[in-house]
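> Here it is, the structure in full.
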Amino acid sequence: MVHIAPDDVMAHDVAIVGGGLTGLRAALLCAEKGRSVAVISKVHPLRSHSVAAQGGVNASLNNATQAGKDSWQSHAFDTVKGADYLADQEAVDILCGDAPRAVLEMEHMGAVFSRNEEGRIAQRPFGGAGFPRTCYAADHTGHTLLHTLYEQCMSHDIDFFEEHFVTALSIENGRCAGLCAFDLASGEMRGFEAGAVLLATGGYGRIYCHSTNAYINTGDGAYLALTAGAALKDMEFVQFHPTTLFGTNILISEAARGEGGVLLNAKGERFMQRYAAKAMELAPRDIVARAIWKEVQEGNAHEGGYVDLDLTHLGEERILERLPGIRQISIDFAGVDPVDEMVPVQPGQHYSMGGIDASNDCRTSIPGLLAAGEASCISVHGANRLGGNSLLETIVFGKVAGQTMVGMTKEHMVHDPARLKDLMRREADSIGHLTDVSRDRTVAELRRELKKLMFHHFGIFRDKGTMKLGQLRVHALRHELGKAGIDDIGKSYNQAVIEALELRSMLPVAEAVAISALAREESRGSHYRTDFPQRNDQDFLKHSMVTMKDGALALTYAPVRLGRYEVRERVY
Amino acid sequence: MRLKVRRNAGDGYGPYWEDFDIEVKKGMTVLDALFLIRHRQDDSLSFRYSCRGAVCGSCAMTINGRPRLACRTQISLLQEDDKLPPLVPISVQRGPFDPRVEVLIEPLPNMPVLKDLIVDQTEFFRKYRSLQPWLLQRYPELERENIMSKETETELDRYATCILCAACYGACPVNSENEEYLGPAALAKLYRFRIDPRDSLGGERLDQAPGPSGWLGCRFHTNCFKVCPKAIPPNLAIGKARQEMKGREGRA
Ligand SMILES: Cc1cc2nc3c(=O)[nH]c(=O)nc-3n(C[C@H](O)[C@H](O)[C@H](O)COP(=O)(O)OP(=O)(O)OC[C@H]3O[C@@H](n4cnc5c(N)ncnc54)[C@H](O)[C@@H]3O)c2cc1C
Ligand code: SF4
Ligand code: FES
């Protein structure tokens, strides 16, 4: 069913998997430096998840404060504290130190940021931040950044391979020499040789049900890295956003609370008073998410499990100016107008702190293979990411990854094209096989089961018994994958194949989350254990590392790179 | 509810109509319904998707004769279509149907169909790129941000928020007659650069879309504005551009 055309292997200096902000930022830099670049993405770049980011991007520009009051060091401190001290402080320094430059550069490229009275980039307060340092474009910040980077990329000669699903990396003599991808339109396999390969594939949020992520965020990059021999780091740290729209779990940005929105339970109580008396609704996400879930569990929430987000006191004008997207989402997807009604919200999976282990210059343990953006774990977010820091990570580390790759051209490739062809054939056969197997279970069923399992066994509150059961089931599902076939035998746009390939990624990634979470017997950041409610620096101030050998996963640990910020208790 | 889907196998088989019966739940969108069909009835049904939140621009298709985003269209609200401003007729294969019990789903017009609801957007993006839709910096040496008034920002945002879903391109009667016509989205984006004070081309931007394939092609049917999920008015941008060009000729 799946063919390989003989001339379907191409060589580029760099091959970038992913056309989100991270991938495009890296691509732009490499193209400017005269490198030949292939961007391979399973959707058109503009359809990447980055486009959905709402609230903003952090940089200590001091536009909303007195000059000099905010500083990149203070941004770095907030980030490390927010991370519950699991972040690598050197990496955080790079992130926050480069932030003002990175944001101003986006403005120079054409991004349309919201402005303050002086005509400078406007900044709003965000959870866990000491100063208002979140730059924004109303509530469509990701849209303006992604479209702007895509515009700049169009001004260069970059080879875009849209609707190409990368299925495997080619590793030769321990070095990454290229990859192969399934071309959706033609239903054929294509090979890519490159001096360097960057995984900028985004997060793994869709291994959960109730997720704010795009449907396509299935952790493919983590799977590719894992099977190629690289390590996945801190996978148990999954951020749950406190406010997602009840029903569809579309994000209601933190900006809504930044602008003054308050949370009320079914009794009309402003319950955050009981959980974070000082920071209230603007306490970090993990704390607010747990507070809401607690209200749900204690029967203080509305039936179905949601609380109210009240924006009505902001008034129509402010809502229309600052939160037009949030208003539209509430109307379109929940039938309520926040100008005069409460918005029903509940926590949902939102961000993947864990990811492919990478160094400060985005290298993985496999030469020639890099990772950056949400797909990676460098680690700048540690146990909990602050809002506005991940868009920042994409533009800062996307560029870093580009710089690292500039020195790795195709002249550095030493490999045997026949090996890549073999890999392509193997992948083609395994795709072809999908329609042969008896259809005991459907791919859709397995996906549904996995997502529910992850939400209920590895969700906001975790404990040993529940997780143990969950882990056994996830492991079992990995074996059922071999029995889940598809019906569609068509060549062009066979999306049943894509859903099956995604499931192949999701299962081992979910298992990596499971074993890391089970072994971490403490509570830190987003990882909350009811059986171990305290943080335990003695035993667990360290990164979880998962690797794969002969299909089996193994867990080890690596030290956290501390720095100038002393490890303290995290109170808000 | 019966979904009548215009299918196209992609290897020369089709187009043909296929009916799928589904149970509609509260709040169910057309995108939800398509997934339900793919997962429970026929996994060969193809359609584009990503964000399911009306921001990525993947899922534009023709629903009950109107180009729109499947993820933003609730099936139960389709009954209220008669409240929407009517479109100037476009070339969709609209058979007779009863909107109370049926939903008619077709690919976007004006683009070749690749498979089922997936159309080839190569031309749409090629035309867009031909306009150099990227900022050519007027003040690259600035150390800080360009100063911009809130008014300018609001005016830019009006067009810059386009998600390039191509709904307007599919809905435009001029696009169906004239293959060269750049289309509403590309022209609105071009106008966004024309009015961006940071762009060094300034008024020259208008010269990038001359003649009937550009600004002058528009006949102000305003289908573009009526179908745009982001309430962008390409017709307004085109009108303003034409006015400005006229003013220039007057002075010359
Ligand atoms: C709703 C929402 C709102 C957010 N708001 C904010 C915010 O306000 N501020 C903030 O800082 N952060 C925010 N975030 C987080 C932020 O948007 C993301 O972390 C960031 O955009 C990730 O960018 P990326 O480039 O790393 O990955 P993505 O944008 O996810 O891009 C991944 C790319 O990889 C490609 N890809 C994946 N798998 C494959 C494969 N197998 N083969 C080929 N290609 C593949 C995809 O096609 C895509 O192009 C938000 C997240 C969500 C869910
Ligand atoms: S102008 Fe509107 S309808 Fe046209 S492509 Fe942009 S968002 Fe879509
Ligand atoms: S799926 Fe993104 S716009 Fe509909």
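The values are calculated or read from the model by the stated rules, or taken from the named source; none is laboratory data. Worth saying up front: this structure is predicted, and the values here are computed from it rather than measured. Glycine also receives a Cβ, built like all others from the backbone with ideal geometry; neighbour counts cover every protein chain displayed.
> Restricted to segment B:191-208, and to residues that are more than 20 Å from B:Glu249 (Cα to Cα) and touching a helix residue (DSSP H, G or I) at 6+ places or on another chain (Cβ under 9 Å), which residue is surrounded by the fewest Cβ atoms within 10 Å (Cβ to Cβ)? Walk me through how you get there before you give the answer.
Restricting attention to segment B:191-208, the residues satisfying the condition of being more than 20 Å from B:Glu249 (Cα to Cα) are B:192-193, B:196-200.
Now drop any that are not touching a helix residue (DSSP H, G or I) at 6+ places or on another chain (Cβ under 9 Å), which leaves B:192-193, B:196-199.
Values: B:Arg192: 25, B:Phe193: 24, B:Asp196: 24, B:Pro197: 13, B:Arg198: 23, B:Asp199: 18.
Restricting to residues being more than 20 Å from B:Glu249 (Cα to Cα) and touching a helix residue (DSSP H, G or I) at 6+ places or on another chain (Cβ under 9 Å), the top hit is B:Pro197.
Let's see how each residue does on (1) of a type in the set (S, T, N, Q); (2) at pLDDT 95 or above; (3) under 19 Å from A:His44 (Cα atoms); (4) more than 16 Å from ligand 3 (Cβ to nearest atom):
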position	(1), (2), (3), (4)
B:Tyr16	no, no, no, yes
B:Val30	no, yes, no, no
B:Val55	no, yes, yes, no
B:Cys59	no, yes, yes, no
B:Gly65	no, no, no, yes
B:Gln79	yes, no, no, yes
B:Ile90	no, no, no, yes
B:Asp98	no, no, no, yes
B:Pro107	no, yes, yes, no
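> Collect the residues in segment A:108-146 that are surrounded by 24 or more Cβ atoms within 10 Å (Cβ to Cβ) and not in a loop (DSSP other than H, G, I, E, B), keeping them in residue-number order.
Of everything in segment A:108-146, those that are surrounded by 24 or more Cβ atoms within 10 Å (Cβ to Cβ) and not in a loop (DSSP other than H, G, I, E, B) turn out to be A:Ile121, A:Gln123, A:Thr134, A:Cys135, A:Thr141, A:Gly142, A:His143, A:Thr144, A:Leu145, A:Leu146.
> While we're on this one: Could you tell me whether A:Glu480 is within 30 Å of A:Gly368 (Cβ to Cβ) and touching a residue at least 40 places away in the same chain (Cβ under 8 Å)?
Numbers: within 30 Å of A:Gly368 (Cβ to Cβ): no; touching a residue at least 40 places away in the same chain (Cβ under 8 Å): yes.
Taking the combined requirement at face value, the residue does not satisfy it.
> Right, next: Given the conditions (1) among the hydroxyl-bearing types (Ser, Thr, Tyr); (2) outside any loop (DSSP other than H, G, I, E, B); (3) away from ligand 2 (no atom under 16 Å from the Cβ); (4) touching a Lys or Arg at 6+ places or on another chain (Cβ under 8 Å), which single one is not true for B:Tyr128?
The one condition B:Tyr128 does not meet is (3).
> If I ask for residues that are part of a strand (DSSP E or B) and either within 14 Å of another protein chain (Cβ to nearest Cβ) or within 16 Å of ligand 2 (Cβ to nearest atom) (or both), which ones from segment A:165-199 would you list?
Scanning segment A:165-199 gives A:Phe165, A:Asp183, A:Glu188.
> Pick from B:Leu142, B:Leu135: which is more than 30 Å from B:Gly14 (Cα to Cα) and crowded, with 20+ Cβ neighbours inside 10 Å?
Just a single option satisfies the conditions, and that option is B:Leu135.
> Given the structure, is A:Glu502 within 30 Å of A:Trp293 (Cβ to Cβ) and in a loop (DSSP other than H, G, I, E, B)?
So A:Glu502 does not fit the description; no.
> Hey, among A:Arg529, A:Arg520, which residue is more than 20 Å from the chain's Cα centre (by Cα) and buried (at least 23 other Cβ atoms within 10 Å of the Cβ)?
From the options A:Arg529, A:Arg520, the qualifying one is A:Arg520.
> Look through A:Arg419, A:Arg441 and report the one residue that is within 14 Å of another protein chain (Cβ to nearest Cβ), touching an Asp or Glu at 6+ places or on another chain (Cβ under 7 Å) and away from ligand 3 (no atom under 16 Å from the Cβ).
Working: A:Arg419 fails: within 14 Å of another protein chain (Cβ to nearest Cβ).
Just a single option satisfies the conditions, and that option is A:Arg441.
> Criterion first (surrounded by 15 or more Cβ atoms within 10 Å (Cβ to Cβ), within 16 Å of ligand 1 (Cβ to nearest atom) and not in a loop (DSSP other than H, G, I, E, B)) does B:Cys71 satisfy it?
yes
> Part of a helix (DSSP H, G or I) and within 30 Å of the chain's Cα centre (by Cα): is that true of A:Arg426 in this structure?
So A:Arg426 passes the test.
> Return the residues of segment A:380-399 that are over 22 Å from A:His543 (Cα atoms) and either in contact with a Lys or Arg (Cβ under 6 Å, 6 or more places away or on another chain) or surrounded by fewer than 24 Cβ atoms within 10 Å (Cβ to Cβ) (or both); say none if nothing qualifies.
A:Ile395, A:Gly398, A:Lys399
> Could you tell me whether segment A:369-382 includes any residue that is in a loop (DSSP other than H, G, I, E, B) and under 20 Å from A:Ser36 (Cα atoms)?
Scanning segment A:369-382 turns up at least one residue that is in a loop (DSSP other than H, G, I, E, B) and under 20 Å from A:Ser36 (Cα atoms).
> Follow-up. So A:Leu309 fits all but one of (1) touching a residue at least 40 places away in the same chain (Cβ under 8 Å); (2) in contact with a Gly (Cβ under 9 Å, 6 or more places away or on another chain); (3) hydrophobic (A, V, I, L, M, F, W, C); (4) surrounded by fewer than 21 Cβ atoms within 10 Å (Cβ to Cβ); what number is the exception?
That leaves (4) as the condition not met.
> Filter segment A:84-119 down to residues that are over 16 Å from B:Leu135 (Cβ atoms) and of a type outside the set (S, T, N, Q), then give me how many there are. Talk me through it step by step, then tell me what you get.
Kept after step one, since they are over 16 Å from B:Leu135 (Cβ atoms), are these residues of segment A:84-119: A:84-102, A:114-119.
Within this subset, residues satisfying the condition of being of a type outside the set (S, T, N, Q) are A:84-88, A:90-102, A:115, A:117-119.
Looking only at that region, the number is 22.
> Among the residues of segment A:48-76, what is the count of those that are within 16 Å of ligand 1 (Cβ to nearest atom) and within 14 Å of chain B (Cβ to nearest Cβ)?
12
> When the residues of segment B:215-240 are filtered to those that are away from chain A (no Cβ under 14 Å) and of a type in the set (Lys, Arg), which remaining residue is nearest to ligand 1 (Cβ to nearest atom)?
Within segment B:215-240, the match that is nearest to ligand 1 (Cβ to nearest atom) is B:Lys226.
> Can you find a residue that is under 26 Å from B:Cys59 (Cβ atoms), in contact with a Leu (Cβ under 6 Å, 6 or more places away or on another chain) and away from ligand 3 (no atom under 16 Å from the Cβ) anywhere in segment B:218-225?
Yes; the residues of segment B:218-225 include at least one that is under 26 Å from B:Cys59 (Cβ atoms), in contact with a Leu (Cβ under 6 Å, 6 or more places away or on another chain) and away from ligand 3 (no atom under 16 Å from the Cβ).
> Which members of segment A:14-49 meet the condition of being buried (at least 24 other Cβ atoms within 10 Å of the Cβ) and either at pLDDT below 95 or assigned to a loop (DSSP other than H, G, I, E, B) (or both)?
A:Gly18, A:Gly19, A:Gly20, A:Lys42, A:Val43, A:Ser48
> Okay, moving on. Could you list all residues from segment A:329-365 that are within 14 Å of chain B (Cβ to nearest Cβ), surrounded by fewer than 19 Cβ atoms within 10 Å (Cβ to Cβ) and farther than 26 Å from A:Lys267 by Cβ?
The answer is A:Ile331, and nothing else.
> Looking only at segment B:37-47, decide whether some residue is within 13 Å of chain A (Cβ to nearest Cβ), without any contact (Cβ under 8 Å) to a residue 40 or more places away in the chain, among the aromatic types (Phe, Trp, Tyr) and buried (at least 17 other Cβ atoms within 10 Å of the Cβ).
Scanning segment B:37-47 turns up no residue that is within 13 Å of chain A (Cβ to nearest Cβ), without any contact (Cβ under 8 Å) to a residue 40 or more places away in the chain, among the aromatic types (Phe, Trp, Tyr) and buried (at least 17 other Cβ atoms within 10 Å of the Cβ).
> For segment B:79-129, which positions are of a type in the set (D, E, K, R), crowded, with 20+ Cβ neighbours inside 10 Å and in contact with a strand residue (DSSP E or B) (Cβ under 8 Å, 6 or more places away or on another chain)?
B:Glu106, B:Asp116
> If you go through segment A:21-44 one residue at a time, how many are within 6 Å of ligand 1 (Cβ to nearest atom) and either hydrophobic (A, V, I, L, M, F, W, C) or within 11 Å of chain B (Cβ to nearest Cβ) (or both)?
5
> Here is a further query. Of the conditions (1) within 20 Å of B:Ala209 (Cβ to Cβ); (2) more than 10 Å from chain A (Cβ to nearest Cβ); (3) within 16 Å of ligand 3 (Cβ to nearest atom), B:Val119 fails just one. Which one is it?
(1)
> Which one is farthest from the other protein chains (Cβ to nearest Cβ) among residues in segment B:136-178 that are outside any helix (DSSP H, G or I) and without any contact (Cβ under 8 Å) to a residue 12 or more places away in the chain?
B:Glu141
> In addition: B:Pro212 fails exactly one of the following numbered conditions: (1) in a loop (DSSP other than H, G, I, E, B); (2) within 14 Å of chain A (Cβ to nearest Cβ); (3) away from ligand 3 (no atom under 16 Å from the Cβ). What is the number of that condition?
With respect to (1) in a loop (DSSP other than H, G, I, E, B); (2) within 14 Å of chain A (Cβ to nearest Cβ); (3) away from ligand 3 (no atom under 16 Å from the Cβ), B:Pro212 is out only on (2).
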